[in-house]
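**Student:** Structure provided below as structure tokens; questions to follow.
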Amino acid sequence: MAERTSSGLLTMMLEPTPAVAMTLPAEVREKLAELELELSEGDITQKGYEKKRSKLLAPYIPQIQGVDPSIDNRIQASSQAVLPSSKHNRSRAANARDERFRSDIHTEAVQAALAKYKERKMPMPSKRRSVLVQSSVEACTPPDTSSASEDEGSLRWQGRLATSTPYQGHSHPAVEHWFNRVIQGSSTSSSASSTSSHTGGRSATNSSAHQALNANAAATALADLMAHTQLDNHLAPPDVTGLSERSSHHVERPQVASMRGVSRSHNHQPNVMETADGVPVSSRVSNKIQQLLNTLKRPKRPPLREFFVDDFEELLDVQQPDPNQPRPEGQQMSPLEGEPLRGITNWPASLPVALQRWGTTHPKSPCLTALDNAGKPVYTLTYGKLWTRCQKLAYTLLNKLSSRNEPLLMPGDRVALVFPNNDPVMFMVAFYGCLLAELVPVPIEVPLTRKDAGSQQIGFLLGSCGVTLALTTDACQKGLPKAQTGEVATFKGWPRLLWFVTDGKHVAKPPKDWQPSIREASNDIAYIEYKTSKEGSTMGITVSHSAMLAHCHALTEACGYTEGETMTNVLDFKREAGLWHGVLTSVMNRMHVISIPYFLMKVNPLSWIQKVHTYKARVAVVKSRDMHWSLLAQRDQKNISLSSLRMLIVADGANPWSISSCDAFLNVFQARGLRPEVICPCASSSEAMTVAIRRPPEMGVPPPGKAVLSMGGLSHSVIRVDSEEKLSVLTVQDVGQVMPGAVICVVRVEGTPYLCQTDEVGEICVSSKNSGLAYYGLPGMTKNIFETVPLKASGAPLSDRPFIRTSLLGFVGPDNLLFVVGKMDGLMVVSGRRHNADDVVATALAVEPMKFVYRGRIAVFSVSVLHDERIVVVAEQRPDASEEDSFQWMSRVLQAIDSIHQVGVYCLALVPANMLPKAPLGGIHISETKQRFLEGALHPCNVLMCPHTCVTNLPKPRQKQPEVGPASMIVGNLVAGKRIAQACGRDLGQFEDNDQFLYIQDVLQWRAQATPDHPLFLVLNSKGAVASTASCLQLHKRAERVAAALMGRLNTGDHVALVYPPGIDLIATFYGCLYAGCVPVTVRPPHPQNLATTLPTVKMIVEVSKSVCILTTQAIMKLLKSKDAAAAVDIKSWPTVLDTDDLPRKKNNQMYKPPTPEMLAYLDFSVSTTGILAGVKMSHSATSALCRSIKLQCELYPSRQIAICLDPYCGLGFALWCLCSVYSGHQSILVPPLELESNVSLWLTAVSQYKVRITFCSYSVMEMCTKGLGTQTEALRLRNLNLSCVRTCMVVAEERPRMSLTQSFSKIFKDLGLSPRAVSTTFGCRVNVAICLQGTAGPDPTTVYVDMRALRHDRVRLVEKGSPHSLPLMESGKILPGMKVIIANTETKGPLGDSHLGEIWVSGPHNATGYYTVYGEEALHADHFNTKLSFGDTQTVWARTGYLGFLRRTELTDASGERHDALYVVGSLDETLELRGMRYHPIDIETSVIRSHKSIAECAVFTWTNLLVVVVELEGSEQEALDLVALVTNVVLEEHYLIVGVVVVVDPGVIPINSRGEKQRMHLRDGFLADQLDPIYVAYNM
């Protein structure tokens, strides 16, 4: 052990500091790097690697005189644990239950295991202050004081450092330096926190410490180098955080000019990093992510097997059994028989017979002594009293309770016994009273609240047993929750019960001639004992009179009970061993029981020992917990003697960890008269009752046995005695011999119950007369458990007697002793290996440098995620634990469990003290805890997820095949009978009168002459009133005025920015610019309340578009030059700003005529979802073609009215608002979307009022209506709102159609007459603002269901609705007239078949002519606008939309009678995430995440250096924030086979959304990296 620890110290000494990293010769550094590589590739073992490395470094390690202070801190954990002498002589709080599973051997093993690990730098989660449970004092406390242990006896760090460091003056910085290193960048505050203590900005105190600690410098430098070799391992994802955290020299990067047009200042401060695309980043987030990447350098993955995977079949990696795993080699076990039951003379024929005998012959004999909360005896029940009181109760129950003159109870009816733990006397009277009345008692716990953990399940049990009456005490009845009527409230899930109080005044004395019928024991049910299963459901186990009697007989034999003995019982007397020994067998043998209530044990853990001493008790029935508690308090008692004990029954001796309590207890109390051989562990289960018990010494049995078993072997269900590897062993004690008259065998846990081999662990099965009969009312489960037929290897049954499964896992050892190594309830099968929850709890509790866990309350269970069990550890942390403490404890627990059990922990959660659901006697209610974890209702205060190490069955990452050439693709598609995916809109047809004009401004002049008073526009305000209108002539006149104002000042071809609110001014100035020969650029005005974020965008568009002048209103002009604006941008650099509010009525003589239609008409600027500002050039011919195409598709004529609720600044919204009415002559009712904020129903009211047939809106408008009006449809109907006039309602979008939103909208407004066929979507993008539009004619939009897994491989596979992994996609409207669409391969640029996902390419007269950017980057994007196929039709010029989609030929026919081709848009190519060789669309992951918890309002995902980052908005209290981490990780793993790297929980509204309602994921990413989100919690999944 000692050398193991010291070698651990050596590795710890070699820890990185950047001081002297370069002191090693280059060749040594190179060799170290090679070694590191060999280790990572698996060419060398860890041991060999360490040996070679230390050999390389030996010459350079200086002899260190003192001990490195950092070591002292690191192993301070082990000092308390490893020195057994210090263990007992320290006074501790009596309630510190944290050593429930304490074992010195184990603690030592855990500390050694931890010493083997170098402290890995794990990024600590960031948490907003308000989420912290404790006060924020720790933030300011230096680590050396805040983390000191709570025990008075423990040394504080400072004191320890002073003794161990020659440089006492610098103890503080040394500790601080170590802390900074272990928990790098562990600031827990929000974005406001300073980053000075982090890498880059190390504080001055540290540097002085470095100079002082120069003796250690060389050693630490070496280690630093090791950290480097590990970091620079070529398997790792590249370090994209710009500056590596240790680089002291500076590389100036060439300035990156991006299309975002953000000016970048390059005054590199040391603590600011830059991301790959030049976004300045606060070091904190990036450091953490870099650390996270470092922890993931070598994830534990089994080597991937080579198998052929069809391209879109993602097969989960099935865990192959390890060929070297241990296998059982012994012979088949033979059943083990207990000694035959000896007949006892004069043995009563049944329990009531015994009661009658002792009640009449020994009425003064004491039966039961009850204690109060101070430990004083309150009442001693004699056998005479018990007999008379039971008779009274039996008589009352049978004769005095009636309903409608019928007796309420008949013999055989079930009755609930609800008695508190401190009233054994009343319970005993009630129990035997029921037996005398031939009723079946069902003892249950007292429900304390309506929502008690598990009480609902008890209700189901009572309901299924048909219980109508509950017996209780007066005091208990008063304490139960009451309804308004004063009666006891009905608990959730409980049947209606009549409550009867059994106290003396409520029971009647039976008449002289009444006698209870006392019969011999029969096979009728005597009582029902409840049991809670692993899943939390409650079953009732029925026990017959004969089995009850036989069990008492067997226990009397096995324990050698004699008449009149005294016993102390600490256990719950309502069930299991407490009931069997303390209530049933004791009465058979006329024993005297002293019952110790649980509450007394909490106050005085020594009480049971004191009672053994006082009453000279011969037998005590306890659990290992009680022995452990008494150890903590034993110092106060001197004159105690346990010499009277002949048997100390340890009821949970089947728990493998009970041995440590037994040994420790014996060590201390041997001096007080306790003999080693009286400790008798036993094994039992509710179904089989007592299975085995170690006999008392006087029976001449073989000595007790101990086995030291290899945990590795046990995990494969094989028994291997382990001598070498001390770290991962389990020491178990035997639980004695089989019960008299019983037969035991061990069968395989899973599948057919074959007998195990002798060296194999299996489930113990029992066949005997003294066990339960069945689960009440559950015949199927009863058959599985109570009627198992074990088979021999040949398949023949072992015997004709059925066996009962005990749910105990164990084996038969030497001397026919039974050993138990765990329970089925705690069994977790992870990747084919078995682990026991109790073992994991013990390991976690042994990692306690700071006595961190509150009262040792730890729950361990497994949850099923991605077809395997995953281990979850939940612990209650002490109220005084700081953030750093908890994080450090968590990372050590992970390492310990990994090292000792060779299994990864999936999730480790800490909850505040006393917050886990409790079982009746104060333990943790595991199934309820698990339920809360899965529902996201656990509310932890700290969470650490480690999916990267645990999840080893992900599908194989997709290997890109050497790409097939485009020509072979075409041939392959033709051979397979697949169509090349191409489609086109209908012909543009005949020209009409206004189609002869080449320029839109000419159309306006023509309309002003031909139909001067025809109304074109009508703008509504928020009240629904008409704010302004414009006829053809009015618009023309206003445009002329603008042109006259511009003509003298500007040159033709100048760019003019139009900054107007939505309205007629915007339209008039647009045409004014065209009249004057200028190029208009429409810009959304800045938001007065939000200048800081909106004004820079205005400025950027003005600059990037090279506008020489800004036209606007007076109000906005003032805003642009205001003080607030000056804070956001440089207002001196605005170009000329003109306001057009009061222009003189000047007429312009000469209109500008463009020389050719290819001239630039206007610029259309918009910010894409990836955060790139892109302006496109629209020529005059494209503008006219666009209007003509929309006119044909929507059948727009001067007599029509359409309603538009869109922003008029870019894309199709601009075209519909400013161009189409002028071109087609229809009247547009314009509803500015901003007005909906004050009046949600404005748009729909307008549609109804003007009886509009065609209307356009955006997703954000549709969402506002759905959320805001969903509950008001009735009120709207009363206001006569009617939408039956609407033929098409089109959502203008540049994304995949949001089907869930359009469907909800249709459903909600169906009641107002909206046709379900009316709602459809459009599709446009930067290269062509309108590619698809539903229009008025043509077939309805179609929906298909595709396999989401196939999409990740760029394949389209149609599936049925509702099939797993199906994704519904709706057609994005009909292709516009004159447009051609083809699907092309993004890489080879060849055409694709219609079963492939590819990029949508378009060709048509209204494509834009190119990007307009300042930086001359057109070359990069030239192929966006004019590209050609590499094969097939190589002549046509196409524009690349940047969107992925596919075409499908449908069964429908279009207007021309042809089969209709539907275009489905799947998502933007720029937004897709390339992960594991596959293509993911963020929206799919986001949809899954939003579904995972009711409090997630919105979600966005992006990647950062190969890590998937999920940002969720929390709608609810901040204490729910950490619940989301596990749920988000689970759902993404289950549905997308991806591991989430970082989960960020933020407030609602943090995820940026643009005017079209699209998420700006790249802005969000930049904000996250620059630490600007002020997150509630950031979890870095290890």
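**Student:** Give the accessible surface of region 1182-1300 per residue, rounded to a whole number of Å², with probe radius 1.4 Å and ligands, DNA and RNA excluded.
**Tutor:** Working: 3630 Å² over 119 residues.
The answer is 30 Å² per residue.
**Student:** Separate question: Which distance in Å, rounded to a whole number, links the C-alpha centroids of region 578-651 and region 761-810?
**Tutor:** Value for the Cα centre distance between the two parts: 34 Å.
**Student:** How large is the accessible surface per residue of region 622-734, computed with a 1.4 Å probe and reported in Å² as a whole number? Before the final figure, lay out each step's value.
**Tutor:** Values: 3610 Å² over 113 residues.
The answer is 32 Å² per residue.
**Student:** Then there is this: Taking square-rooted eigenvalues a ≥ b ≥ c of the alpha carbon gyration tensor, is region 834-923 rounded, prolate or oblate, where a/c under 1.5 means rounded and, failing that, a/b exceeding b/c means prolate? Numbers along the way, then the final one.
**Tutor:** Details: a/c = 1.73, a/b = 1.25, b/c = 1.39.
Judged from the Cα gyration tensor, region 834-923 comes out oblate (a/c at least 1.5, b/c at or above a/b).
**Student:** Follow-up question, since we're still on this one. Would you mind counting up the charge near L827? Only other residues with Cβ under 12 Å from its Cβ, with Lys and Arg at +1 and Asp and Glu at -1.
**Tutor:** Details: positive: K534, K823, R833, R834; negative: E750, E763, D825, D838, D839, E869.
Residues near L827 contribute -2 overall.
**Student:** 5 Å is the cut-off here: which amide hydrogens, built 1.01 Å from N in the peptide plane, fall below it relative to A981, excluding neighbours closer than 5 in sequence?
**Tutor:** I1383, L1392, G1393, D1394
**Student:** At 0.890 mPa s and 25 °C, plugging the Kirkwood radius over alpha-carbon pairs of region 1166-1220 into Stokes-Einstein gives what diffusion coefficient in µm²/s?
**Tutor:** On the way: Rh = 12.7 Å.
So the translational diffusion coefficient is about 193 µm²/s.
**Student:** Check the straight Cα-Cα distances from K364 and name the lysines below 30 Å, setting aside those fewer than 8 residues away within the same chain.
**Tutor:** K376, K385, K392, K400, K505, K509, K512, K574, K611, K616
**Student:** Still on this structure: Taking the alpha-carbon distance from K1132 and a cut-off under 30 Å, which lysines remain once sequence neighbours fewer than 8 residues away in the same chain are dropped?
**Tutor:** K1099, K1106, K1118, K1121, K1123, K1177
**Student:** Another one. Please give the length that would be gained between M1151 and A374 if that part of the chain were fully extended, namely 0.36 nm times their separation in residues minus their C-alpha to C-alpha distance (nm, one decimal).
**Tutor:** Working: separation 777, 0.36 × 777 = 279.72 nm, distance 10.53 nm.
That works out to 269.2 nm of additional length.
**Student:** Now a separate question. Share of region 1233-1386's accessible area from carbon and sulfur, percent, 1.4 Å? All intermediate terms of the calculation are to be shown ahead of the outcome.
**Tutor:** Numbers: 2810 of 5540 Å².
Here carbon and sulfur together make up 51 percent of the probe-accessible area.
**Student:** Here is a further query. For a quick protection proxy, order the peptides 1574-1582, 1051-1059 by their average other-Cβ count within 10 Å, most packed first. Mind showing how you got there, number by number?
**Tutor:** Numbers: 1574-1582: 24.0, 1051-1059: 20.1.
The peptides rank, most packed first, as 1574-1582, 1051-1059.
**Student:** Apply the Karplus parameterisation 6.51 cos²θ - 1.76 cosθ + 1.60, with θ equal to phi minus 60°, to every residue of region 694-707 and state each ³J(HN,Hα) to the nearest whole Hz, in sequence, with x for glycine and proline.
**Tutor:** Computed from phi, the couplings for region 694-707 are 6, 6, x, x, 5, 8, x, 9, x, x, x, x, 10, 10 Hz.
**Student:** For L368, what residues show an amide H to amide H distance below 5 Å, using hydrogens built from the backbone and excluding near sequence neighbours?
**Tutor:** It is L381, V593, by chain and number.
**Student:** Between A937 and D322, what is the label-to-label distance in nm when each label sits 7 Å out along the Cα-to-Cβ direction?
**Tutor:** 4.0
**Student:** Can you give the local net charge around Q1201? Use residues other than it whose beta-carbon is closer than 14 angstrom to its beta-carbon, Lys and Arg +1, Asp and Glu -1.
**Tutor:** +3
**Student:** Cut-off under 22 Å on the C-alpha distance; same-chain residues fewer than 8 positions from K956 excluded. Which lysines are left, in chain and number order?
**Tutor:** The qualifying lysines are K297, K300.
**Student:** Dipole magnitude of region 1457-1582 about its Cα centre, charges +1 at Lys/Arg Cβ and -1 at Asp/Glu Cβ only, in debye to the nearest 20? Write down the numbers at each step before the final one.
**Tutor:** Working: 9 positive and 20 negative charges, 61 e Å.
It works out to roughly 300 debye.
**Student:** Assuming R0 = 25 Å, what is the FRET efficiency of A1275 and R1317, from their Cβ-Cβ distance, to the nearest 0.05? If you can, show how the numbers build up before the last one.
**Tutor:** Working: r = 26 Å, r/R0 = 1.03.
The pair A1275/R1317 has a calculated efficiency of 0.45.
The values are calculated or read from the model by the stated rules, or taken from the named source; none is laboratory data. Predicted model, so just to flag it, every value in this text is computed and none were measured. Positions of Cβ are generated from backbone atoms using ideal geometry, with glycine treated the same way; all protein chains shown enter the neighbour counts. These area figures cover heavy atoms from the full protein model, side chains too; ligands, DNA and RNA do not enter into them. Shrake-Rupley method; radii C 1.70, N 1.55, O 1.52, S 1.80 Å.
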